[in-house]
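*Asks:* My questions will all concern the structure given below.
Every read-out reported here was derived from the displayed coordinates using simple, explicitly stated rules and does not represent laboratory data. These numbers were taken from a predicted model, which means no experiment stands behind them. So basically every Cβ, Gly included, is an ideal-geometry build from the backbone, and we count neighbours across all protein chains shown.
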Amino acid sequence: MCNLYSINSNQAAMRALAKTMSDTTGNLPPMPGVFPDYAAPIVRNTPAGRELALARWGMPSPAFALKGKKTNPGVTNVRNVASPHWRRWLGVESRCVVPFTSFSEHEQLPDGSKPPIWFALNEGRPLACFAGIWTRWTSVRKLKEGEVTVDAFGFLTTEPVEPVKTYHPKAMPVILTEAEEIERWMTAPTPEAMTLQRPLRDGALVVVARGAKRDPDDEPEIRPPASLNKDQADAALEWH
């Protein structure tokens, strides 16, 4: 379930949407294909304020999933937040949002192939966020890499809606489309924040591409998120 997404928006729009105070990501290029264990931008709370930072996609795996394995590449998608394994990361200090412009599932074709199919809020692929969690984690993610300490993230999933449900009937990411939802996820007490683990309405997403493992978009970079008002959008473009 959703092991591939794209982020083709500029850093200024990400900072503006999540009201970020600092940015440690450097000069981020467009990322038309983010895969598990890739470093990608997240927005997290820190003692100094909200921060745009890079983290590797994949939270620590539960112990039962590691039996007989020499590596722990991590879990990209989190559904059962009632599990003790995940509950430890549901507080404000461990919540984050994950900017994206589109995400992918697999389309089952008659010939047996399963090419990617890409979904976004509309054809223009406006910036939105997944509701995520993060932690600092020491493990062996890859044998050739050895033990490393990294900032790792994953995002929550929920019931799918159309058109995603047609292609992946089990789950889809928890998507935050409004600044108020992002603020609630980043600041609210845990029971209130968890009410955001809910589906979008049917038809809130559209199919924007098929067949490729990247969604480069025809007009990447300078496009602020749809939920910003005019003054915020202008500020985002000037910040860029």
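*Asks:* Calculate the spin-label point distance for LYS170 paired with THR195, positioning each point 7 Å from the Cα along the beta-carbon direction, and give it in nanometres.
*Replies:* A separation of 3.0 nm, rounded to one decimal place.
*Asks:* Hey, what D do you get for the range 28-133 in µm²/s if you plug the Kirkwood alpha-carbon radius into Stokes-Einstein at 37 °C and 0.692 mPa s? Could the numbers behind the result be given before it?
*Replies:* Numbers: Rh = 16.1 Å.
Rounded, D is 205 µm²/s.
*Asks:* Pick from ASP23, ASP202, ASP151: which residue has the top mean-square fluctuation in a GNM of the chain where Cα pairs under 10 Å get a spring?
*Replies:* Result for the chain, Cα springs under 10 Å: ASP202 fluctuates most.
*Asks:* Also: For PHE35 and VAL161, calculate 0.36 nm times their separation in residues minus their Cα-Cα distance, and state this gained length in nm to one decimal.
*Replies:* 43.1 nm
*Asks:* Let me ask another. Can you list the HN-Hα couplings for the range 165-179, worked out from phi with the Karplus curve (6.51, -1.76, 1.60; θ = phi - 60°), rounded to whole Hz and with x for Gly and Pro?
*Replies:* After applying 6.51 cos²θ - 1.76 cosθ + 1.60, I find 4, 4, 9, 9, x, 8, 6, 8, x, 6, 10, 10, 10, 10, 4 Hz.
*Asks:* Evaluate the distance, in nm, between pseudo-label points positioned 7 Å from the Cα of GLU180 and of THR46 along their respective Cα→Cβ axes.
*Replies:* 3.0
*Asks:* Karplus couplings for the range 35-46 from phi (6.51 cos²θ - 1.76 cosθ + 1.60, θ = phi - 60°), rounded to Hz, Gly and Pro as x?
*Replies:* The phi angles translate into 10, x, 6, 6, 7, 8, x, 10, 10, 9, 7, 9 Hz.
*Asks:* Moving on. Summing +1 for each Lys or Arg and -1 for each Asp or Glu, what net charge is found among the other residues whose Cβ lies under 15 Å from the Cβ of LEU90?
*Replies:* +4
*Asks:* Can I ask one more? Return the distance in nm (one decimal) between the two label points of a simple spin-label model at THR24 and GLU93, each offset 7 Å from Cα along Cα→Cβ.
*Replies:* My value for the distance between the label points is 1.5 nm.
*Asks:* Say the dipole of the range 54-110 comes from +1 at the beta carbon of Lys and Arg and -1 at that of Asp and Glu; which of VAL81, PHE103, GLY68 then lies farthest toward its positive end?
*Replies:* GLY68
*Asks:* How much of the DSSP bridge set in the chain is antiparallel, in percent, rounded to the nearest 5?
*Replies:* 85
*Asks:* Which one, (i) 2.19; (ii) 1.02; (iii) 0.97, gives Cα Rg over 2.2 N^0.38 Å as derived from the coordinates shown?
*Replies:* (iii)
*Asks:* In addition: SER61 to HIS106: FRET efficiency via 1/(1 + (r/R0)^6), r the Cβ-Cβ distance, R0 35 Å, to the nearest 0.05?
*Replies:* 0.95
*Asks:* Further question on the same structure: Classify the range 75-170 as rounded, prolate or oblate, taking a ≥ b ≥ c as the square roots of the eigenvalues of its Cα gyration tensor: rounded when a/c is under 1.5, otherwise prolate if a/b is larger than b/c and oblate if not.
*Replies:* Prolate, because a/c is 1.5 or more and a/b exceeds b/c.
*Asks:* Here's something else I'd like to know. Tell me the mean residue ellipticity at 222 nm calculated for the chain from its helices only (DSSP H runs of n ≥ 4, each -39500 (n - 2.57), averaged over every residue, nearest 500).
*Replies:* That comes out to -3500 deg cm²/dmol.
*Asks:* While we're looking at this one, here's another question. What is the distance in Å between the Cα centroid of the range 144-165 and that of the range 44-88?
*Replies:* Here the two parts' Cα centres lie 8 Å apart.
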